[in-house]
Amino acid sequence: MTADESQIIAAFKKGTLRQLVASRSYGEDAARRDFEQALARLHGDGAIDAISVLNELGGGTRSVPGFFAVQHVFEAILPVLDAETGAVMNAVVDVVKAGEGDGAASLLIDPFSSFCGAAEKRPDEALTLIKNDPKRFALLITAVVLAGARRARDAWFENLLDLVASDDPEIARHACFAVGRFDFTGADSLVRRASAALEGVLDGASDDGVLASIVRSSFALGPRADGLACNTPAFLDRALAAGGNLTLHAAIEIAWLKHAELEPEILDLILRHGERVNSQMNGTMQFLDLALSNQLGAPGERLAIAFFERFAIARGADAGPERFDDFLRKLCSARRDLFGRLIVKWFLSGDRTLCAAINWAVMNVLGENESLPVEAIASEALDGRERVFVARKAIGHLFFRPKAAAEIILALMHGADKKSAEFLEEHLFDPMLANYAGSLEPFLKEYRKTAAPKVKGRIDGALKKWRAQINGMKAAGRIKELAPSERERALSRERFADESIAAMREAEKNSILLNLVTKAAILHGSASVHSVRGPDGAKHRGVTHMQSHSYSMDIPSQEMLDPFGLDYMLRVFRAERISQ
Amino acid sequence: MKLILKEYLAALRERDELDAILPDLLSQLGFTVLSKPRRGTKQHGVDVAAVGSLDGEPKRLYLFSIKAGDLTRAEWNGTSAQALRPSLDEIQDSYLPTRVSVSYRDLEIVICACVGGVIREEVQSDVRGYFDRNARDGLVFEDWNGDFLAELILRAFLREELLPKDVQAHLRKAVALVEEPDAAFRHMEDLMNALLDGAGAARTRKVTALRQIYIALWVLYAWCRGADNVEAAFLASERALLLAWHAAKDQIAVNAKNAKAIVLLAQEIAFLHLRVGEHYFEEKIFPYAGNRYAVSAAVGPGDAVDVNLRLFSLLGRIALAGLWRVHLSELHGSPDDETGRELNAQIARYADMAVELINNNPVLLSPLKDDHAVDIHLAAMLFAAAGRHAFLFSWLAELVDRCAFSLSTRGAYPCIHTDYRELIRHPRSQDDEHFEGATAGSTLFPMIAVWAALFDQTALFARVAELQKEHLKHSTFQLWHPSEDTEQALYINRDNHGAALTGLDLASGAEAFLEVVFDECGANGAFNDLSSVRAGAWPILLTACRRYRLPVPMHFLLALFRQRLSDRATVGSDATEAAAQTV
């Protein structure tokens, strides 16, 4: 008896076999394989009941320690396990259900299919069990059908069609899904029959799960043959119109995964239906974001942008930029000119969600010193009123990224008439320069070196106004009579310290780094010395020198001088609309 | 203490500053002051004339010619109109032959060169030679320098039986802490309370106490100027003004020498307060009021709240100073003579400066505390008095818009908190419970509504009414009125007094609202019984309101309301007459 076998038997007797399996799932490949073989062998010999480990998993939740580690071991041994079909089906179904909500929940379905296909009678046994208790076992239909088809395709295709036509929605749902996974290689006639079967189900179908499966399978069948009923936009339209969240989710997932081969007409169709997506469905929203992102730079780009605009305007905060982070990241980084043009378009729309999307992209994607696509912004044809309006939107939404806001104002100065240029100059001075002189003065001085003469003049004008204001403020200096008292200063410092500590604690609570490392407080010295024992058992001395790190940010001066006024102005700029 | 006094005397910049204390000093020393300095020129070389004796010497007639600071060669015999030697010549040539009353002709005459600092060495022999050369029988010359004056002040006001050592310590500490105005003020307040409490009801002792306070204020003011921070002097003189009024208010109608002295001292303290304020505004604020954000930035805030609190306080102070000038103009009564024109120009200047301050410091559009209503009301009164109605209502409209916005976003909306610790954390929470607690009452919005209604600013009134309906239904809108207990408590800020007119519902419309407010004013006799109102010294009441953060009584607008009613009645009867004629 090998050491693995002894260990396994001992653990089985002690009732700790699950823990042992979990612990051995991380070993080196060869050792793990030896262990898996020993496990299968002992089960076959009747020395242990390996399925009991799966039963133990299925009786709990996915938070059971080693839930997925144990499954990885069974992923390897299930196809070769000699066990009763019903017992394995029960165990697999329970484990899959216990893992619901996790992407790896269905880890054992394919191994189960292999297990099923490993003995001739097993697919039939399984099918019988499914038909007897569809509610419990229907989720194994695809695995069982594929296992059977690997032995007798035509017979099992007929079985599949029977299942597709079932009155039981649970069976129909999984059977329709199995159509998309069926191996039709070299069998066009079967494809056409499958398509017809799906169309037959679609007529009068109302179950969202069934319709979702139809949508998935229709896309799987589509490229296999021309002229299929399920290959037409009308078919998809009917399915989507009749379906609910699950159907839409399926279509959107396809729009993401099959973006390269998607006909524009089909993409348009999916996106039009996508407008009614339930924004509480986080998974669907995530796929939608990825689908849109994939279309940037592709033929469906225009459709994707148009969808995003319609969706943002219709849904407001539900369509907040964080829901479309992939799309916005790619737009801002890979499609810069387009982003520039959209900045103008979206600001001009005045729509809060679209404007917030620009803000999000600039704040989260654009580096602090990275420039906006100024030329693309400048190339947009606008009248004077629109220029000023876009500038105010830029200030309202990008005030805390002063360089970006200033770049937009400067870009809008190109081709501006005298009156609007004066307004733009005024805005460049106040609130931009007046609040962020520290960063904007050097930026503007550099910018003016290569700026067009008219823009240069406006920059000079803004700088002059700012200098006059600063000189006026410097002239007054500090007026001692107005200074806060010592008590007030102490209370301000106390509040600031309290807020800093609270922010620090909050940041530490959410810190991934601090969750991974241990924390030590050093009371004296500028380094910590520690010793650790290595894998060889030897002690190693380590010295960690302290590093200082700092972060600086520009605080707008109005934040102190008139914080409410600043907030009020920014909110007004964000809220105002341009009359048509 | 003597060093502090010497420093103070040397720091007096203008001749009239030394003038201001010399008569009181002499009175306190037992002299009879015959003439006090007049503004501008001397009386034949004499600034102050007094009869009395020092250190048990025989009674003599003292004629003082005053010079602030050190006496240099240029100031001894230069071309300046204030040069000392020509003044002494003038006394001998003109005053002595014609001005000395018959009753004092037998007394020895002392011509006194009074300087706040010292007679500089380079000119000492000239002065001494002049004195020796011109001295004769019955006429002697003396110089009273800062050191001697300090000694006299100590002897007259600050000797221990008059000013115990622990009370003297307050003055020393106040002077030492002028850079921390709150602390300096607290010491001055302790000093003033100790002196007035110690004086009790006896008029003579009250006179002494008020003179001591007056001198102490001057000392503090001079030291504040030296430190380039007059805040402590402003706060102390404002408080002194109110305490002095409380001490003087019952003496106004009394025909007794000491009663008059008490009233006069209260007046002098009031003028000193106005002088400190003028110094502050003219030197520190007005030159920069037109510079965008300059005054806001000059706060050197540790927290954004600091700018808000300081600027509203400053606005209230400027407005009140302007209203004092309105009062002085009323007292003067002749708007077209030089003084009248000057006072009107000052009123216009203070109003313009308040306008500039608001225009260039937008924080003044966002009151954070409900008691900013006091400062806003004072500013409104000044603007109305100076004819700046258009600005007043555009300011109030913008202010109300911002308040509505802050209330709707639950940002920095006006709250009832007054403690700094609360204010820097305001608003602590966005929840309804906190919001309703922080806005449980309001004097600000009813006050604005009164101004709007009174001047037929229908849109502004509607905006405030809408604000009440939308955001402040739970808030008790109220206005404060004095009551019978106010007179005894108002000027010294003792206990709670007066009454709040509540149940003010703007939804009933402007006319009904005005009727409720001014019916109560008409029915409330306590306002007219207030000593400051009876004496026509209404800015003292406003000073108490500003100082103790009491809402300004609406009685100040009662006349406007009645005028409005009468105008309407005239228009109404004209219309009726016209209609009748048509028929």
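We did not get these values from a lab; they are worked out from the coordinates using the rules stated. What you see is a predicted model, and the numbers here were worked out from it, not measured in a lab. Virtual Cβ from ideal backbone geometry, glycine too; neighbours counted across all protein chains shown.
Sparse packing (at most 12 other Cβ atoms within 10 Å of the Cβ) combined with a DSSP loop state is found for the following GluC sites (Glu not before Pro) in the range A:344-397: A:E368.
For the protein assembly as shown, give the share of DSSP beta bridges that are antiparallel, in percent and rounded to the nearest 5; count only bridges with both residues there. Display every interim value, and only then the final one.
Values: 20 of 38 bridges.
Beta bridges within the protein assembly as shown, antiparallel portion: roughly 55 percent.
Amide hydrogen proximity for B:L139: with H placed 1.01 Å from N in the peptide plane, the residues at 5 or more positions away or on another chain lying under 5 Å are B:I109.
Over all other residues within a Cβ to Cβ distance under 15 Å of B:K260, the charged ones net out to +3, with Lys and Arg as +1 and Asp and Glu as -1.
Take each residue of peptide A:484-494, count the partner chain Cβ atoms within 10 Å of its Cβ, and average: the result is 6.
Let me know the shape class of the range B:1-157, please: from the alpha-carbon gyration tensor, a ≥ b ≥ c as square roots of the eigenvalues, rounded when a/c is under 1.5, otherwise prolate if a/b is greater than b/c, or oblate. Judged from the Cα gyration tensor, the range B:1-157 comes out rounded (a/c under 1.5). Available extension along the chain between B:S313 and B:A440 is 43.4 nm, counting 0.36 nm per residue and deducting the alpha carbon span.
Phi angles across the range B:479-491 convert, under the Karplus curve 6.51 cos²θ - 1.76 cosθ + 1.60 with θ = phi - 60°, into 3J(HN,Hα) values of 10, 9, 10, x, 9, 4, 7, 5, 3, 7, 10, 4, 6 Hz, Gly and Pro given as x.
Max-minus-min Cα coordinates of chain A on each principal axis give 96, 71, 39 Å, with the largest extent listed first.
With Cβ to Cβ distances under 14 Å as the rule, what net charge do the other residues near A:K454 carry (K, R +1; D, E -1)? So the environment of A:K454 carries a net charge of +2.
Is the shape of the protein assembly as shown best called rounded, prolate or oblate, per the rule: a/c under 1.5 gives rounded, else a/b larger than b/c gives prolate, else oblate, with a ≥ b ≥ c the square roots of the Cα gyration tensor eigenvalues? All intermediate terms of the calculation are to be shown ahead of the outcome.
Values: a/c = 3.04, a/b = 2.45, b/c = 1.24.
Prolate shape, in that a/c is at least 1.5 and a/b is the bigger ratio.
The alpha carbon centroids of the range B:188-228 and the range A:338-363 are separated by 66 Å. Only one residue of B:V326, B:A304, B:A404 has its Cα farthest out toward the positive end of the dipole of the range B:290-568, where Lys and Arg carry +1 and Asp and Glu -1 on Cβ, and that residue is B:A304.
Just how large is the dipole of the range A:418-494 about the Cα centre, in debye to the nearest 20, putting +1 at every Lys and Arg Cβ and -1 at every Asp and Glu Cβ? Each step should come with its number before you reach the end.
Values: 17 positive and 11 negative charges, 78 e Å.
It comes to approximately 380 debye.
Here the Karplus relation 6.51 cos²θ - 1.76 cosθ + 1.60, evaluated at θ = phi - 60°, turns the backbone of the range B:549-561 into coupling constants of 6, 9, x, 6, x, 6, 4, 5, 9, 4, 4, 4, 5 Hz, with x for every Gly and Pro.
Spatial offset of the range B:107-168 relative to the range A:541-580 amounts to 63 Å, using the alpha carbon center of each. Under 5 Å between amide hydrogens, built in the peptide plane, is the criterion, and for B:S35 it picks out B:A49 among residues at least 5 positions away or on other chains.
Note on A:E158 and B:A459: their simple-model spin labels are 8.6 nm apart, each label 7 Å out from Cα toward Cβ. With a Förster radius of 25 Å applied to the beta-carbon distance between A:E368 and A:I555, the computed FRET efficiency rounds to 0.95.
Considering every residue in B:131-140, what mean count of other chain Cβ atoms within 10 Å of its Cβ is obtained?
Average neighbour count from other chains, rounded to a whole number: 0.
Approximating the spin labels as points 7 Å out from Cα along Cα→Cβ, the B:D495-to-B:D401 distance works out to 4.7 nm.
Net charge near A:E499, counting Lys/Arg +1 and Asp/Glu -1 over other residues with Cβ under 13 Å of its Cβ?
On the way: positive: A:R493, A:R495, A:R505, B:R425, B:R428; negative: A:E494, A:D498, A:E506, B:D303.
Local net charge: +1.
Distance between the pseudo-spin-label points of A:D237 and A:R577 (7 Å out from Cα toward the beta carbon): 3.2 nm.
Axis angle, to the nearest 10 degrees, between helix B:181-199 and the longest C-alpha principal axis of chain B: 70 degrees. If one takes the longest principal axis of the Cα atoms in chain B, at what angle in degrees, from 0 to 90 and to the nearest 10, does the Cα axis of helix B:15-28 lie? Taking the Cα atoms of chain B, the angle to B:15-28 is about 70 degrees. Here is the list for the range B:67-167: trypsin sites (Lys or Arg not before Pro) lying in DSSP coil, each with at most 14 other C-beta atoms within 10 angstrom of its C-beta, are B:R105, B:R159. For the range B:497-504, 3J(HN,Hα) computed residue by residue from phi via the Karplus equation (6.51, -1.76, 1.60; θ = phi - 60°) reads 8, x, 8, 9, 7, 10, x, 8 Hz, glycine and proline entered as x.
For the range B:170-236, GluC sites (Glu not before Pro) are listed when DSSP marks them as loop and at most 16 other Cβ atoms sit within 10 Å of their Cβ; the list is B:E179. The long axis of helix B:372-385 is offset from the longest Cα principal axis of chain B by roughly 80 degrees.
B:K6: which lysines have alpha carbons under 18 Å from its alpha carbon, excluding same-chain residues fewer than 8 sequence positions away? Output for B:K6: B:K67, B:K173. Per-residue shielding of B:287-295, expressed as the average number of other chain Cβ atoms within 10 Å of the residue Cβ, stands at 6.
Dipole of the protein assembly as shown, Cα-centred, from +1 at each Lys and Arg C-beta and -1 at each Asp and Glu C-beta, to the nearest 20 debye? Please report the intermediate quantities before stating the final value.
Details: 131 positive and 156 negative charges, 432 e Å.
About 2080 debye.
A cut-off of 5 Å between modelled amide H atoms, ignoring neighbours fewer than 5 places along the same chain, links B:C415 with B:K369, B:D370.
Using the Cα gyration tensor of chain B, with a ≥ b ≥ c the square roots of its eigenvalues, what is the shape: rounded (a/c below 1.5), prolate (a/b larger than b/c) or oblate (neither)?
Working: a/c = 2.24, a/b = 1.91, b/c = 1.17.
It comes out prolate by the Cα gyration axes.
Treat the count of other C-beta atoms within 10 Å as a stand-in for reagent exposure and order A:V179, A:V93, B:V552, B:V140 from fewest to most. Mind showing how you got there, number by number?
On the way: A:V179 30, A:V93 20, B:V552 23, B:V140 15.
Final ranking by Cβ density, sparse to dense: B:V140, A:V93, B:V552, A:V179.
Centre-to-centre, using Cα atoms only, the range A:407-476 and the range A:141-176 are separated by 72 Å.
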